[in-house]
Amino acid sequence: MVNLAHAHKRPMRRRMLLSIMASMLTLSVLYISKPSLSFAASLVVDSLDGPVTQNEINSYNQYLPSIPLPVNNYTPGNDFVYGKSGEDVESMGIMYEITHDTTILDTMIHFADTMLAARNDPNTGRILWNGQRDLVWPNKSPDATNAGYSGSENGDVIAHISYCAKLILQDPSLWNTNVSFGDPDNLGATYLQRAQTYVTELDQTEDTYMIPNFIHSGTNLQYWPSDPAWDSNNYGTPGTPIPWNQQMMINGGFQRLADCHLILGDDSNRVSQYNAIVQASVNWFTNELTPYQSGNGDQVYTWNYASGDTGHVEDANGVHAAYDLMGMVRAYESGRYGVTSSTLTGLANTVLDEISTGNGDFYNKVNGDPSSGTLARLWSEYLHIAPYNALDYKLICNSSFMSVVPSSPSYFARIMLMKTVLNSSGNLALGKSYSASTTWSSSYPASNAFDGKLSTRWASTNPTNQWLNVDFGIDTTYNQVVLNETSFQRVTSYTLQSSEGGSTYTDIPGTAGTTIGSNKTINFSPVTSRYLRLNLISASGDPTINEMAVYDYPSPVNDSDSSISYSSGWNYSSNRGVGDYNNDVHYTAASGNSASFTFFGKSVEYVTEENTDEGNVDVYIDGVLDQTVNCYNAARVAQQAVYSKSWSTPGTHTIKIVQNSGHYMVLDAFNYN
């Protein structure tokens, strides 16, 4: 049975959308319409829509020097975890991935150095609950009654520092360069040496403290220590399951260290061990999610604070559900732990339909129990779930949330991440503003055609001269629209139109058609505009559209582009006349020669020729061999995408191709989105 709190309410989605629209109007007054009023030392969000702007990046770079270095993890408690310093480091990682600015990375390294140096000293440091001076970051004051406590929170400190190591390892071009501010703590002069030191030291904490005390041998499940001495901390009954949010902290450390070892290719047994620990936790959490249908007809979940903690529904406030959701998103995006997109969609629906009150604030419990009280805002970690229901994005970014942003690097950075995820790739129409010529009723608003769901639809009231419009908020480039008319296939004549100001619309060449049907993909030459309109000229009845998605196809990066790095031994051939992209290629005839390309995106393709004189090519992603592709063909064929890789969200990646066999290896282009 689901908690009876669900029976009282469930505001309909129209109420949700009105709340979001009201918040957007408020926010436009607060920070979008008056960017000039922002203080120079404040973080500036120009708009929640569109790609990240240079002004936003500049505001972060100007704010960065004012962020104080961390001191210890107990003043205040958990400062290195979800406190200011831990969150600041996460913001630096996110912003470096977006900008590739090594000044940001160097600052992150400085913070990571300081946090590692503040770890408990094994010879002179604090004696913990177990009588040992373990390599951890105590989060209680030295004079506290439970000063010997040190628990799951260490996993989050490990996650922050290993995030820094991972970013370094993902970019081999940095490896042999000295870190700009030197090596004051003797952790390694070059970027590679620094990253390797981080990984080695963090592995030691995992080996000597986290695994022996919190990971159940045999099952890899996470429990509090069964040692009676643990009870002296007054924190977690010995031998009971660790709460979910704290398991996600532990998982974060293991997962990011596994990422580092995968790139280094240095310890497959350790990677297997770390992955098994994360896998066990993720499976456990997923199995204890209780699904049900919300009042809006969506699948949502409820769950408890910890396994077996019956009656203690997970808290939506503070670090609790925020880390639950962020941890599941991280696991899914790694591609290693079997988390499904449908699970994340259900969790995202839970934020929209259950945690949200429908009035701009939030309930204190994940099941939407009104007796739990309300919150003015959610933690910024919630934004990680937003891509799985785009309506979550601006719902979370309410006026209370945005009031924190000017002085919170982590809130700011996660907005920048969402702008990148939701606007720079994928469906460009998600999370925007919508309008229509007419609407059949409040149950069929224009927004239904842009919510990513075929189960909802926009419906009009007239069979002729109807339209459906999306306002991107800023000029946006696109070259593909996908239409779904699944419920009632009535349209008999249509075209796509673009507009700069929203009043005068121009037909987009090559987009006119008659029927749409259940799925219609319309490709056309790139158009840049703020507004895009589906103009429905005629229909056999009142037209209704289930979904309208807008995309920008990736452009090839030609083999001659300066962003591609070649080893020695490559040659260039132009004016080939065989159908290559840009009529040219680079080629090499020596085994082991390579070419690499670093990009920020969510997909990449290796484009080459196939011919009788070509053989196998090893393709590496972020330093790890991902696939060996065969480029042999009985006849020459140009512009062949022989390898492709995609991720659920954009990030910084490096693709490297290495000649394995055959007389030639050819590079025509890399495609990335």
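The values are calculated or read from the model by the stated rules, or taken from the named source; none is laboratory data. Not measured: the values here are computed from a predicted model. Using ideal geometry, Cβ is built from the backbone for each residue, glycine included, and neighbour counts are taken over all protein chains shown. SASA here: full protein model, heavy atoms, side chains in, ligands and nucleic acids out. Shrake-Rupley method; radii C 1.70, N 1.55, O 1.52, S 1.80 Å.
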Please determine whether any residue of the stretch 157-171 is open to solvent by 10 Å² or more (accessible area, probe 1.4 Å) and more than 30 Å from Gln222 (Cβ to Cβ). yes
Within the stretch 540-553, can you find the residues that are of a type outside the set (Gly, Ala, Ser), open to solvent by less than 20 Å² (accessible area, probe 1.4 Å) and more than 18 Å from Ser493 (Cβ to Cβ)? Asn546, Glu547, Val550
A careful count of residues in the stretch 193-216 that are more than 30 Å from Thr237 (Cα to Cα) and surrounded by 18 or more Cβ atoms within 10 Å (Cβ to Cβ) gives 6
Output the qualifying pairs, or none if there are none: Cβ atoms under 7 angstrom, residues six or more apart or on different chains, first residue in the stretch 630-646 and within 17 Å of Gly615 (Cβ to Cβ), second residue surrounded by 15 or more Cβ atoms within 10 Å (Cβ to Cβ) and polar (S, T, N, Q). Asn630/Asn616; Cys631/Thr608; Asn633/Asn611; Arg636/Asn611; Gln640/Thr608; Val642/Thr608
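Just wondering, is there one or more residues in the stretch 301-311 that are of a type in the set (Asp, Glu) and farther than 26 Å from Gly83 by Cβ?
Step one: list which residues in the stretch 301-311 are of a type in the set (Asp, Glu), which gives 309.
Narrowing further to those that are farther than 26 Å from Gly83 by Cβ: none.
Among the residues of the stretch 301-311, not one is of a type in the set (Asp, Glu) and farther than 26 Å from Gly83 by Cβ, which makes the answer no.
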Flagged pairs (Cβ under 6 angstrom, 6 or more apart or on separate chains; first in the stretch 61-90, within 13 Å of Glu153 (Cα to Cα); second basic (Lys, Arg) and surrounded by 15 or more Cβ atoms within 10 Å (Cβ to Cβ)) are Tyr74/Lys140
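Only one of Ile104, Ile127 is without any contact (Cβ under 8 Å) to a residue 60 or more places away in the chain and under 26 Å from Thr240 (Cβ atoms). Can you tell me which?
Ile127
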Over the stretch 284-300, the set of residues at pLDDT 95 or above and open to solvent by 20 Å² or more (accessible area, probe 1.4 Å) is Trp284, Thr286, Asn287, Glu288, Thr290, Pro291, Tyr292
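Conditions tested, residue by residue: (1) in contact with a strand residue (DSSP E or B) (Cβ under 7 Å, 6 or more places away or on another chain); (2) over 26 Å from Val199 (Cβ atoms); (3) assigned to a loop (DSSP other than H, G, I, E, B).
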| site | (1), (2), (3) |
| --- | --- |
| Ser232 | no, yes, no |
| Tyr235 | no, yes, yes |
| Gln247 | yes, no, no |
| Arg256 | no, no, no |
| His261 | no, no, no |
| Asp266 | no, no, yes |
Might you let me know whether the stretch 356-365 holds any residue that is over 28 Å from Gly83 (Cα atoms) and under 20 Å from the mean Cα position of the chain (by Cα)? no
Scope the stretch 220-229; condition out of contact with any Gly (no Cβ under 7 Å at 6 or more places or on another chain), outside any loop (DSSP other than H, G, I, E, B) and open to solvent by less than 70 Å² (accessible area, probe 1.4 Å); matching residues: Gln222, Ala229
Kindly list the number of the only condition in (1) in contact with a helix residue (DSSP H, G or I) (Cβ under 9 Å, 6 or more places away or on another chain); (2) under 19 Å from Val557 (Cα atoms); (3) surrounded by fewer than 18 Cβ atoms within 10 Å (Cβ to Cβ) that fails for Thr598. (3)
Is it fair to say Ser573 is open to solvent by 50 Å² or more (accessible area, probe 1.4 Å) and of a type in the set (Ser, Thr, Tyr)? no
Exception for Glu56 within (1) more than 30 Å from Gln247 (Cβ to Cβ); (2) touching a residue at least 24 places away in the same chain (Cβ under 8 Å); (3) open to solvent by 20 Å² or more (accessible area, probe 1.4 Å) falls at (3)
Criterion: of a type in the set (Val, Ile, Thr), more than 15 Å from Leu667 (Cβ to Cβ) and either touching a residue at least 60 places away in the same chain (Cβ under 8 Å) or surrounded by fewer than 17 Cβ atoms within 10 Å (Cβ to Cβ) (or both) - qualifying residue of Ile537, Ile508: Ile537
Residue pairs, Cβ under 9 Å, 6 or more apart or interchain, first in the stretch 474-497 and open to solvent by 60 Å² or more (accessible area, probe 1.4 Å), second of a type in the set (D, E, K, R). List them. Asp475/Glu500; Asp475/Arg530; Phe488/Arg457; Phe488/Asp542; Arg490/Asp542
How many of the residues making up the stretch 624-639 are surrounded by 19 or more Cβ atoms within 10 Å (Cβ to Cβ) and either under 19 Å from Ile564 (Cα atoms) or charged (D, E, K, R) (or both)? 0
Given the conditions (1) over 30 Å from Thr476 (Cα atoms); (2) open to solvent by 50 Å² or more (accessible area, probe 1.4 Å), which single one is not true for Asp584? (2)
Quick one: count up the residues across the stretch 373-399 that are modelled with pLDDT under 95 and open to solvent by 20 Å² or more (accessible area, probe 1.4 Å). 4
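Here is a check on your reading of the model: is Val607 open to solvent by less than 30 Å² (accessible area, probe 1.4 Å), in contact with a helix residue (DSSP H, G or I) (Cβ under 9 Å, 6 or more places away or on another chain) and either of a type in the set (Val, Ile, Thr) or outside any strand (DSSP E or B) (or both)?
Yes, satisfied.
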